[in-house]
Amino acid sequence: MPTTAFSAHYSRELDVEQLGWLLSGDRPGDDQATVADLSQWAGWIRTDIRCSSCGKTGAQVVRPSKARGSQAVLRQAHFRFVDHQGGDGHHPFCEFYGNDTGEARQTDSLLNFGSEKSAETRAVRLLVCKGIETGLFNQATIRAMRQWFFDMKSESRFKVRATPEALAWARSLQRHPSYRRWTFHPAQAEMPAFDWQAAAKFQFTEENLALVELAKTVVHQDAEWKRAGLMAAKHFGQEVFNTAALQPYYEDTLTLCAFVAKNSGISFGKTSPDYYRFQGAPIPLLALCALMLFTSEWEMNTAIAKFARLLASAEPSDLSLGNMIGLNPFHDYAAWRLVILAAEVAERSLKGFDYQAQLTAIESDLRRQHAIWKSAG
Ligand SMILES: [Zn+2]
């Protein structure tokens, strides 16, 4: 359910209420935030308004509905995108495809700075407003960036093959401790409190090193693994866009985020920049850094120079410019990347996907080796 969409005519991201004000030229007071009847502009809206993510037209305005006899809002005003046959108008890979019911919330792919209260988000909003006022970028640039990302993702596709077992296996390999290496010898087990489980884990590393290293190439938190599981189940066997195509851009964006967070003198959140690679960068900062790189043709030092200009420029006069800004171009990047990783790991796994069973089998093999060694003693 997109609550905002991009107007080609006004060249910016708007919600239904703001579009109503612009079209009717009539802005009600704050106490009567109502959505004007836009039916006379229906044809114009269908061709002008486009989805912030996939860029398709065919928008209709869905008016808000309230519970009978109360002020409780059952359905927020939003845009619905309909094709010529009356079906879903979004590109099949758009995050809003099949999600136009009005019940689902708008995803994190669109940041509504207007409703964001945290100091960190306000810091980014201020920078966005400065960037727009100084002409470094505008909302059309942001729309162009989203389309560029969307087109790249949809040009490259893969078939979802990761089963829940394959995902659990890849996650276990990623969490498997492999930094320390140790080779088993039966004499070690003569120690009175010998740790067989630890020995089995060391042996597992020796037998599966290539797989463990592969699984650790793309490290994300448990929340992303959970999301990966949900999406793999929902799209199993289907062809979807290949998020891995975004990897070099994601890496560069994280690098710029960490550099800016360390060198700008501004706090962008509690997460230390050194952990961005694992925990993800704050989304507003991620979005702004992607925009700086996109407008610099992905040249790191050009983007850094622009960022420095942004920080040095005067306070913006209009803070509403960056109010509604459709951007996180890496929406669901981490989760899809894990789905792809799990399939790659599964393809190279010759002994099944049961981590615990493999540790148990290794432990009994080590115990057998010890028994043979002892009886030969
Ligand atoms: Zn769409």
Using all Cα-Cα distances in the stretch 110-257, what percent lands in each 5 angstrom bin from 0 up to the longest? 2, 7, 10, 12, 14, 13, 11, 10, 7, 6, 4, 3, 2, 1, 0
Could you list the square roots of 5 times each eigenvalue of the Cα gyration tensor of the chain, that is, the equivalent ellipsoid semi-axes, sorted largest first and rounded to whole Å? 49, 25, 18
Calculate what fraction, in whole %, of the accessible area of the chain sits on carbon and sulfur atoms when a 1.4 Å probe is rolled over the protein chains. 51 percent
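Grab the alpha carbons of the stretch 332-377, take their convex hull, and tell me the volume per residue in Å³. Intermediate values should be presented prior to the final figure.
Numbers: hull volume 3.7 nm³, N = 46.
Given the Cα convex hull of the stretch 332-377, per-residue volume reads 81 Å³.
Send over a whole-number figure in Å² for the accessible area per residue of the chain, probe 1.4 Å.
Numbers: 19260 Å² over 377 residues.
The answer is 51 Å² per residue.
Can you show me the helix-derived [θ] at 222 nm for the chain, built from DSSP H runs with n ≥ 4 at -39,500 (n - 2.57) apiece and divided by the number of residues, rounded to the nearest 500. Please report the intermediate quantities before stating the final value.
Values: 13 runs with 176 residues, N = 377.
Value at 222 nm, helices only: -15000 deg cm²/dmol.
Estimate the FRET efficiency between F236 and E206 by the formula 1/(1 + (r/R0)^6), using the beta-carbon distance for r and 30 Å for R0, to the nearest 0.05. Walk me through the numbers before you get to the answer.
On the way: r = 34 Å, r/R0 = 1.12.
The pair F236/E206 has a calculated efficiency of 0.35.
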Which of the lysines could a cross-linker bridge to K234, judged by Cα under 16 Å and excluding same-chain residues fewer than eight apart? K159, K226
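Work out how much length W373 to E251 would gain on full extension: take 0.36 nm times their residue separation and subtract the Cα-Cα distance, in nm to one decimal.
Numbers: separation 122, 0.36 × 122 = 43.92 nm, distance 5.02 nm.
Using 0.36 nm per residue and subtracting the Cα-Cα distance, I get 38.9 nm.
Which links in K201/K374; K216/K270; K56/K216; K270/K306 stretch past 32 Å when you go from one Cα to the other? Don't skip to the end; give the middle numbers.
Values: K201/K374 22 Å; K216/K270 25 Å; K56/K216 37 Å; K270/K306 25 Å.
Violating the 32 Å limit, Cα to Cα: K56/K216.
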Quick one: among A228, A140, A193, which has the greatest mean-square fluctuation in a GNM of the chain with alpha-carbon springs under 10 angstrom? A193
Compute the helix-to-body angle for 119-133: its Cα long axis versus the longest principal axis of the chain, expressed 0 to 90° and rounded to tens. 50 degrees
Mind checking Rg over Rh on the stretch 248-297, alpha carbons, Kirkwood formula for Rh? 0.93
With every protein chain in place, the accessible area of T255 for a 1.4 Å probe, in Å² rounded to the nearest 10, comes to 60 Å²
For the stretch 190-303, place one equal point scatterer on every Cα, skip the solvent, and apply the Debye formula. What is log10 of I(q)/I(0) at q = 0.12, 0.21 Å⁻¹? -0.65, -1.19
With every protein chain in place, what's the accessible area of R146 (1.4 Å probe, Å², nearest 10)? 20 Å²
Given 0.36 nm per residue, what is the gain on full extension from L350 to D26 after removing their alpha carbon distance, in nm? 109.9 nm
R0 of 51 Å, Cβ-Cβ distance L359-N263: FRET efficiency to nearest 0.05: 0.70
Leaving out ligands, DNA and RNA but keeping every protein chain, what accessible area does M300 have, in Å² rounded to the nearest 10, with a 1.4 Å probe? 50 Å²
Highest mean packing first, using Cβ neighbours within 10 angstrom, the peptides 15-21, 182-188 sort as 15-21, 182-188
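The values are calculated or read from the model by the stated rules, or taken from the named source; none is laboratory data. The model shown is predicted, which means the values in this text are computed figures rather than measured ones. Every residue, glycine among them, receives a Cβ derived from its backbone with ideal geometry; neighbour counts consider all protein chains shown. To get the accessible areas, we keep the full protein, side chains included, count just its heavy atoms, and leave off ligands, DNA and RNA. Shrake-Rupley method; radii C 1.70, N 1.55, O 1.52, S 1.80 Å.
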